[in-house]
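Note sheet for the following structure.
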Amino acid sequence: MNVNSSCWDLFVDINDTLYCSIYFRHQVVKRSLNDAVMTSNRIAAGTGSEGSASNQLFLPYGIFVDVNLDLYVADWRNHRVQLFQPGESNGITVAGSTSLNPTITLFCPSGILLDAEKYLFIVDHGNHRVVGSSLNGFRCLVGCYGKGSQSSQLNFPTSFSFDHSGNIFVIDLSNRRIQKFNYLKRYCANTSSIIQKIFSSSLTNSNQIYYRDCDKQNFYYESIQVKVFESGYYTFRGSGNIDPYGSIYKVKFNPLDPLDNLLDKEYDSGSDVQFRLNIHLDVDMTYVLVVTTYESKGTGEFSVVALGENKVILERLSTPVNIQLKYPLKLTEDSPTYYRDCQVPHCHYETLQIHVNTSGLYVLWSESNINAYGYIYKNDFNPLKPSENLLLSHGGPKLSSCVIGDQCNVYIKGIGLTLDDILRDDLQPNTVLNNQSFSIKLSAGLTIIMFIAGLINSVLSFITFQSKDSQQVGCGMYLLASSITSLLAISMFIIKFWFVVLTHINVSTSLSALRGGCASLEPILKLFLYLDGWLNACVAVERAVHIFKGVKFDKKKSKFIARRTILILPFCIFGTLIHEFVFRRLFEYETAPDTTDMMYIAGQVVKRSLNDAVVSTNRVAAGTGTGGSDSDQLRSPHGIFVDVNLDLYVADCGNDRIQLFQSGESNGITVAGSTSLNPTIILDCPNGIVLDAEKYLFIVDQKNHRVVGSSWNGFRCLVGCYGKGSQSTNISSTLQKTFLSSLTNNSQIYYRDCDKQNFYYESIQVKVLESGYYTFRGSGNIDPYGSIYKIKFNPLDPLDNLLDKEYDSGFDVQFRLNIHLDVDMTYVLVVTTYESKGTGEFSVVALGKNKVILERLSTPVNIQLIYPLKLTEDSPTYYRDCQVPHCHYETLQIHVNTTGLYVLWSESNISAYGYIYKNDFNPLKPAENLLLSHGGPKQSSCVIGDQCNFHIKGIGLTLDDILRDELQPNTVLNNQSFSIKLSAGLTIIMFVAGLINSILSFITFQSKDAQQVGCGMYLLASSITSLLAISMFIIKFWFVVLTQINVSTSLSVLRGGCASIEPILKLFLYLDGWLNACVAVERAVLILKGVNFDKKKSKSIARRTVLILPFCVFRTLIHELAFRRLFVYEAAPGMSKINENPNNRYVSCITHYSPSIQHYNTAVLFIHLVGPFIVNLFSALFIIFGGARQRAMARTNQSFREHVQEQFREHKQLIISPIVLLVLSIPRLIISLLPGCAKTSEKLWLYLGAYFISFSPSMLIFLIFVFPSKLYMKAFKQSFNRIRRRTTP
């Protein structure tokens, strides 16, 4: 429920509708709790405005809704109780001076209840009492003797409640207490003596058993459901030869928690009545009477007599217990041991895995000649962490999360959450930050952002308040100190965060480092935080004193007090925190001290022979001992399995994979998980693994809450396939539908796999009316094979949408599919035969919870065309792949009149292969335009080459990748596509624009007037580098175009261009960006120094920078020259007598980086593209705010804000220009991070346009730096006029 004000009372009626009284909106609203979607609230009473009319309320308080959905409202300020019947907006006053039959005057009623007999009970808040209605009107019940604090008095009560015995509990607000007023039971002799029901039964050895308490166990019991036809008091008397013990419960009885819902219990009432229960029962409530014996395992007959005002229904609930399993166990000296707790460190134990077919309550007990203990765990038992996953124990509930340690070394957490408490459960030990949870990585990013923001804030504040003008009074001194403490606080915050993260990740951190951090970091962080807060408070006090004293305010005294306060305050706060340094300590708790029989090593599996007489050191079976994801590393290994060949399978939980370590090998092979060679399943922390005799893997996929198993076509889910939950997966055996049909020569055909072809099949649409588990059984004289699919069945890809398949379940059932089906989903059941082209009759029987609809989908196939073909020695040949280089082939052109699914198959005396191409087949490029092949799907576009010579593309799109698919080899430019011709035109335009820009910039900055400071020298160099960058761009473009068009280009030329052009182009681009950043830094220094700016030093630094910077940038790109190479792949080698046939050649310029070099390359990319922008932006901000501060000191008639606005108007181009440069460089950054196998041909202009835009900064030097500047424009005009005069004859 969404409300825009507080709910002062809530009520849920019998239809699960929630009511809310909105006090300040003078309204009661409601909304159904059964609505799946959050809808708007409906008005139950009130107009939304205060008033005393029948349809209005004035500050409504308590509410009550009875079984007839009548709404009663305590109308506080109208001093009345209003009744709103269903559907009525006008209320009826039922209590108060304005009611139809006034018998009581109310003053601000706040609470209201209605009993089963329609009697009203009201908290009369302003009269300090509780009143109730009766046949003769209202009467006072509690607080009838005026306001007070005595036990019989109330002081502004607000609300109240009744318990099942009729006792009243009142919230006595102003007395700050809750008062209980006991209800005195009164029984009439002629009321309770009427016998309404007699129930007779017996307790035997077959009755259900429960534990009444830990000392008294194994009680047979009988549970009896009780219902009454009239609310009132009833008596239940039990007697018999079993010494019965009676208890009565509300709603239900839980034998695992016999105190839950308990209303009353009784034993031995005297004479021949062993128990008697006198209790008030409501007509609309269900109760459970439990009869057991006083002593354990008592048996015999008993009877229960029910007496009361009206009829009582007693029905037996419990049924005789069925012992489902008896499991014999024996603990010996050879049984494994674990560390149970410090008092009993060495305990032998046995574990049993429990599976149940039906959810419900189960009782497990032991009968033994030893003092046995039992514990129940969820999912798994870890002997090293015996409290983990614990559900229930023989000794009681599991330990509270507030307690750390065990009975011998225990610490109970106090109040206050620290960063350690918040992050501890989310941090994974021995796991690098990149593999931590999203919340940890997000927190790390946020801390860095907060630190940078705090650093900027502190620096700007320090710049502001360090001047003498800002320290004329104490406020400036407090704020100067605050700028320092805020920097220290945010610095300690980031230190604290990374200390917690890194020490939890690295579990081998020394205890001395942990103790030091524990004792010091948190108190120091609090010191700076509290100090910052008190300094801000001092500023507020100073300002208040200034206002109070006015012209009499003493500035010198203010500064004197500020100095003393700043010196004394840290010591005062430190004194309040000294106890933290004393009492903070590191709590160390070993899970299993001195338990040398067990070992856990993070990231490692060890082994030792059990036949060794002497205990030797363990040998490493797998893992390096440090967490990692390399082939020789493990991260939190859980389950292991060793097969008969001594191959070790490890459930590598932290890496979400299964690793196979063959005997003697330290490097593992990923056999399951997203990083396996042929991934068919994604795992999330696998923790158990088993291998069967046929080498099929079975895996417990812990965090996906399922068990999966491998098969011939990959992994499939076996158990827990429908999400986390506690439901059983039993299948109903009710017959719902029988489907009869037959497979004939006219049935549709599909290929089940390459080895088994031409299968006739019948497809049947399946729909269910209720979600649940269903069984489909197939039988007949055709040996049927069944498969079931979700949504649709694609005969061209029979593995697509496949849920399950099955063949030969034994006896007369050839297949049986057990599967969960959803009510809002369509499924397709496909029936075929085990052997190819089988025909005959079959039947399918559907069993399940509810009705199943089976409808035939497939229709008899119509063979549209039979085409004879013959391959001979004279048929053309092509290079299919490196393994089968010479293949004869024939091509057929296919046209269809109707869009749909078609099946093409061949019958031949040779091993024929089929391939379908879109538009055209090029025998020189057999992978081009390939749609479907006999052998499976086409190869990924990320792979160049074939099985014998291939390269997998990495990240980063180049101009080669963008244009390759668009360029047509051996075709003149005039016959290329429009995109290529337009791109060629744009490159020429961009080159001309860049050339003009560079010439104009060079003319401007080559004059001595423009080089009076370093800026002119940087911009002169930038005009040259921008010309070189745009020149290399056009060279790059035409090199790519011409070498792709002319396939006969020599490999030496291609290799030279591949290795050199792209790095040189990047060198000039990055150099241009950093020169622009140097200009921004120079301008910022000029503002900072003012008249003290040294022009000679500026020019000297500029000369050095212009000379050194190219070498620095080149050094960051040297790896490109080393790792760039030409990948050459011949599409059909050996098919021509010529040694080198360029037409069959595929050439690509590639970069082959290792993972570490790839990370370095990405970092370099960010530094060169984002670094200059950040420098430009911060320099511009400094120019504006620093200049404004200087002006404010010189011209005091204007405020600092006005100076900032004036500075922004004068220097806005300094803000706009870096933003423009960044926006224009973002496309290049994105292109550099895109995968090299991106489908550029599908959105060519998106990629090509982004590539072109990234070069536009090199054409804008004149527009960005010269055109907005009066000084540079003057220099340009002077230089231009000088050149024009020289050239004029």
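The values are calculated or read from the model by the stated rules, or taken from the named source; none is laboratory data. These numbers were taken from a predicted model, which means no experiment stands behind them. Methodologically, a virtual Cβ is constructed for each residue, glycine included, from the backbone with ideal geometry; neighbour enumeration extends over all protein chains shown. The accessibility values were calculated without ligands, DNA or RNA, using every heavy atom of the protein model including side chains. Shrake-Rupley method; radii C 1.70, N 1.55, O 1.52, S 1.80 Å.
Details
- Distance between the 7 Å Cα→Cβ label points at Asn55 and Ile910: 9.1 nm.
- Across all C-alpha atoms in region 619-664, the radius of gyration and Dmax reach 9.9, 28 Å.
- Note on Val283/Ser134: beta-carbon distance plugged into 1/(1 + (r/R0)^6) with R0 of 25 Å gives a FRET efficiency of 0.80.
- Difference of contour (0.36 nm per residue) and Cα-Cα distance, Val1128 to Ile989: 46.7 nm
- Cα gyration tensor shape of region 98-181, rounded if a/c is under 1.5, else prolate or oblate by comparing a/b with b/c: oblate
- For Phe739, the solvent-accessible surface with a 1.4 Å probe is about 20 Å², rounded to the nearest 10.
- Shown here are the Rg and Dmax of the Cα trace of region 471-554, at 18.9, 65 Å.
- Dmax and Rg, reported as Rg then Dmax, of region 75-129 (C-alpha, Å): 11.1, 34
- Cβ-Cβ distance of Asp643 and Leu799, R₀ of 25 Å, FRET efficiency by 1/(1 + (r/R0)^6): the value works out to about 0.35.
- Cβ-derived FRET efficiency at R0 22 Å, Gln353 paired with Thr332, nearest 0.05: 0.60
- Among the listed pairs Lys607/Lys695; Lys737/Lys851; Lys1089/Lys1274; Lys326/Lys385; Lys737/Lys849, those with a Cα-Cα distance over 19 Å are Lys607/Lys695; Lys1089/Lys1274; Lys326/Lys385.
- With distances taken between every two different alpha-carbon atoms, region 619-710 has a Kirkwood hydrodynamic radius of 12.9 Å.
- Applying the criteria of a DSSP loop state and at most 15 other Cβ atoms within 10 Å to the trypsin sites (Lys or Arg not before Pro) of region 782-843 yields Lys792, Lys837.
- Residue-level accessible surface for Thr833, protein heavy atoms, 1.4 Å, Å²: 0
- Largest first, the three principal axis extents of the alpha carbons in region 1-110 are 45, 28, 20 Å in whole numbers.
- Modelled spin labels at Glu890 and Asp692, positioned 7 Å past Cα toward Cβ, are 4.6 nm from each other.
- Reach of Lys1095 by Cα under 15 Å, taken over aspartates and glutamates that are not fewer than 8 positions away in the same chain: Asp1009, Glu1082
- Ranked by the mean number of other Cβ atoms within 10 Å of their residues, highest first, the peptides 1075-1084, 350-359, 421-430 fall in the order 1075-1084, 421-430, 350-359.
- For region 966-1031, the spread of Cα coordinates along the three principal axes comes to 54, 14, 14 Å, biggest extent given first.
- Counted over region 1-138, the DSSP beta bridges are approximately 95% antiparallel.
- Computed over protein heavy atoms with a 1.4 angstrom probe, the accessible surface ordering of Glu1210, Glu295, Glu266, largest first, is Glu295, Glu1210, Glu266.
- Length gained when the stretch Leu10-Phe1114 is fully extended (0.36 nm per residue, less Cα-Cα span): 390.3 nm
- Rg over Rh for region 57-98 works out to 0.94, using Cα positions for both radii and the Kirkwood form for Rh.
- The modelled label-to-label distance between Gln1198 and Leu384, using points 7 Å beyond Cα along the C-beta direction, is 7.0 nm.
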